[in-house]
Amino acid sequence: MKAPFAMTIAVALLGCTQAQESKTVVRFVQTQVAATANLADIAVYSGEVRARYETDLGFRIAGKIATRLVDVGATVRKGQALARLDPTDNQASTDAMRAAVSAARIDQQFAAAELERYRSLAEKSFVSKTALDQRQATLDAAKARLEQAEAQLSLSRNQLGYTSLTADQDGVITAVMGDAGQVVSAGQPVVRLARLGEKEVLISIPETRLSATRAAKEVTVRMWADPTRTYTGRLRELSPIADAGTRTFAARISVPNAGPAVALGMTANVLFPGTANQALRNSILLPLTALYRQNDKTAVWVVDPKTNQVALKPVLVAQFRENGVEITEGIAIGDIVVTAGVNKLVAGQIVRPQPAPQAPAAAQIPAAILPTAQR
């Protein structure tokens, strides 16, 4: 009985020691001091650079793809071959039509010679007028058969030409939907061609921002690849129907002054300025990683500067923005807020704060896009 009792005491002491150690674990966390930030009511949307004109190209006849001559990203010229079908059947059909034309031409020539002979005999009254009319009808029928055969030969040649898929405009291949060995039907897309020229940014607009989007005369476009440079854009198209999955409305922002540096497929930010009578709001801006969910409520971890213990404080989120989340209630100016590692903390835990790195200046909204009253 003594051995089991001693083992029980040892296990209990070990558990207490582990619990005490877990409470005294000091975690390194990133923090940020809550401070006011002048935030204008500016909507920022991320989108993708697209060509204004994009065309899905496919063969005009069905067949088996023999070879594909371009890949995604290839720059092509008008008339350049993009892919080819196996031409064996179409070549055989063209040869057959060519032979039919030769036969019809021989029949037409023979009927013409017969008509001339019968015309000479009719002048000497050796044959009747009816026999002469029959030879004329035979010649007319031979001419019609020749014309029919020639038309079928022309159609067969066109079909043979359709075995080569060519670019109808200068552009860039942005997608490939077919490859060698694949059997395609007439009109089935094989490649997608984006025409060279005007570029656009495709974004999604929530239904709550439709009116403000339509009212914007000009917007600012900034590429993620070069955030220091901005472009002027305008709303060219706004879909009247919401996407079934996202419940947002597709919008196309035309960027007329986009140069070669703006490549297709790049990610861009489109900034819609607020109206001139909107005032700047003094709110607290925190990284999105600072938010913590508990019991379906949003909160943040705040560090006590005296004890370095963390406490959870519910907050009110006013707006999710490109560079963070706007907080209007729940924390005060000067509070030390945990911005990374929030899911590994418990109330009363001791932490060692580490200041978060400064955000790059490119993440800030350029003053040039603000209305005059907000600068």
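Coordinate-derived values only; no laboratory data. These numbers were taken from a predicted model, which means no experiment stands behind them. Reconstructed Cβ throughout: ideal geometry from the backbone, glycine too, with neighbour counts over all protein chains shown.
Points worth noting:
- Estimated at 0.36 nm per residue, the fully extended path between TYR53 and LEU316 surpasses their Cα-Cα distance by 90.3 nm.
- GLN294-SER204 FRET efficiency (beta carbon distance; Förster radius 45 Å; 0.05 resolution): 0.90
- With Cα atoms defining each centre, the range 70-89 and the range 301-351 are spaced 58 Å apart in the structure.
- Loop-located trypsin sites (Lys or Arg not before Pro) across the range 91-159 with a Cβ neighbour count of 11 or fewer within 10 Å are LYS124, with loop assigned by DSSP.
- The range 30-121: chymotrypsin sites (Phe, Trp or Tyr not before Pro) falling in loop per DSSP and having at most 14 other Cβ within 10 Å: TYR53
- For the range 214-278, chymotrypsin sites (Phe, Trp or Tyr not before Pro) are listed when DSSP marks them as loop and at most 14 other Cβ atoms sit within 10 Å of their Cβ; the list is TRP224.
- Near GLN109: Cβ cut-off under 15 Å, other residues only, Lys/Arg at +1 and Asp/Glu at -1. The net charge is -1.
- Cβ-derived FRET efficiency at R0 30 Å, ASP168 paired with GLN109, nearest 0.05: 0.10
- Computed label-point distance, nm, for sites MET177 and ASP95 using a 7 Å Cα→Cβ extension: 3.4
- Lysines with Cα under 24 Å of LYS129, excluding same-chain neighbours fewer than 8 positions away: LYS143
- Here's how it looks for GLN349: its modeled amide H is under 5 Å from those of VAL310, which are all 5 or more places away or on a different chain.
- Under 5 Å from the amide H of THR248 lie the amide H atoms of ASP243, each residue being 5 or more positions distant or on a separate chain, with H modelled from the backbone and absent for Pro and chain starts.
- Taking ILE241, ILE331 and counting other C-beta atoms within 10 Å, the order from fewest to most: ILE241, ILE331
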